[in-house]
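In what follows, a single structure is set out as structure tokens and then discussed.
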Amino acid sequence: MTPLYHDLAGETVVVFGGGAVGSRKARGFDEAGRIVVVSPEFAERLRPTEDETTDTDGPIELVRAAPDADAVAEWIDRLDPALAVAATDDAAVNAAVESAALDRGILVNRTDVSGGRDPGSVVVPATVEDDPVTVALSTGGTSPALAKALRERIEAEIAGAGEMAALSGEIREELKAAGVAPEKRREAVRRVVRSRGVWKGLQKGRSNGRQEADTVIEEVLDR
């Protein structure tokens, strides 16, 4: 499968199943315009937070229902999602969600299968974020435990990456505006993002990181 980032802003995501898996999936789509969970029961983590006073006025709409396999298509037509997630404990219902979504050209994530998938099926990866940096990883559904372990390791590795992304992007634009040749710009930015001194400086604050970066840049431009 080819990894892609997909913008779900303004779109609807429907999750069939409100248990441990379904709730984790639903909470992972916080950038979606609308998230609807259809389930007879809901896990604790789907309960409204302090900023969500009811089931329906927060970012996640909870619909208490238990559609069988024959009723799934009607639900999908009614909600018209960009992505449907099949996360129930009923294989027949999950298969019906997958079939109905694929028939309508809707992306679908079926949580009870792994390995090969039909075109239009997607895998939702584990993610690590340090805005604007996002790292996504997947084991193809074969080992969620490994995905979690790797995510924890990556979280430690990319600490501060967001600040570095902002700083290096700023430097790139400044050098471009100053008319620095493309090869020199690339070399300067490359050295900045690989400099331990700059990374350590950013841990102390943006100004410290910038001072370290300026030293690195001067060395490149003076060559």
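Points to keep in mind about this one:
- Among the residues of the range 188-218, those that are open to solvent by less than 50 Å² (accessible area, probe 1.4 Å) and either out of contact with any Ser or Thr (no Cβ under 7 Å at 6 or more places or on another chain) or among the acidic types (D, E) (or both) comprise A188, S195, G197, V198, G201, L202, G205, G209, A213, I217.
- Residue match in the range 117-129 (condition: more than 20 Å from P3 (Cβ to Cβ) and either of a type in the set (D, E, K, R) or open to solvent by 60 Å² or more (accessible area, probe 1.4 Å) (or both)): no
- All positions within the range 80-93 that are within 13 Å of I106 (Cα to Cα) and either touching a helix residue (DSSP H, G or I) at 6+ places or on another chain (Cβ under 9 Å) or surrounded by 17 or more Cβ atoms within 10 Å (Cβ to Cβ) (or both): P81, A82, L83, A84, V85, A86
- Pairs where the first residue, in the range 141-164, is in contact (Cβ under 8 Å) with a residue 24 or more places away in the chain and small (G, A, S) and the second is open to solvent by less than 80 Å² (accessible area, probe 1.4 Å) and assigned to a helix (DSSP H, G or I), C-beta under 8 Å, 6+ apart: G160/W199; G160/L202
- Annotation: S138 fulfils all but one of (1) assigned by the TED database to the domain that holds W199; (2) of a type in the set (S, T, N, Q); (3) open to solvent by 60 Å² or more (accessible area, probe 1.4 Å); the unmet one is (1).
- Pair list, Cβ under 8 Å, 6 or more apart: the range 196-211 residue outside the structural domain of L167 (by the TED database) and farther than 12 Å from G162 by Cβ, other residue open to solvent by 90 Å² or more (accessible area, probe 1.4 Å) and modelled with pLDDT of 95 or more: none
- Test set (1) free of Cβ contacts under 8 Å to residues at least 40 places away in the same chain; (2) touching a Lys or Arg at 6+ places or on another chain (Cβ under 7 Å); (3) over 30 Å from A100 (Cβ atoms); (4) not basic (K, R) - L221 fails condition number: (1)
- From the list E163, E170, E157, E183, the one residue that fits, being open to solvent by 100 Å² or more (accessible area, probe 1.4 Å) and under 23 Å from T134 (Cβ atoms), is E157.
- Residue that is in the same structural domain as E41 (by the TED database), in contact with a Leu (Cβ under 7 Å, 6 or more places away or on another chain) and of a type in the set (D, E, K, R), where the choices are D118, D89: D118
The values are calculated or read from the model by the stated rules, or taken from the named source; none is laboratory data. These numbers come from a predicted model, not from an experiment. Counting neighbours? That spans all protein chains shown, and the Cβs are built from the backbone with ideal geometry, glycine included. Quick note on the areas: whole protein, heavy atoms, side chains included, nothing else; ligands and nucleic acids left out. Shrake-Rupley method; radii C 1.70, N 1.55, O 1.52, S 1.80 Å.
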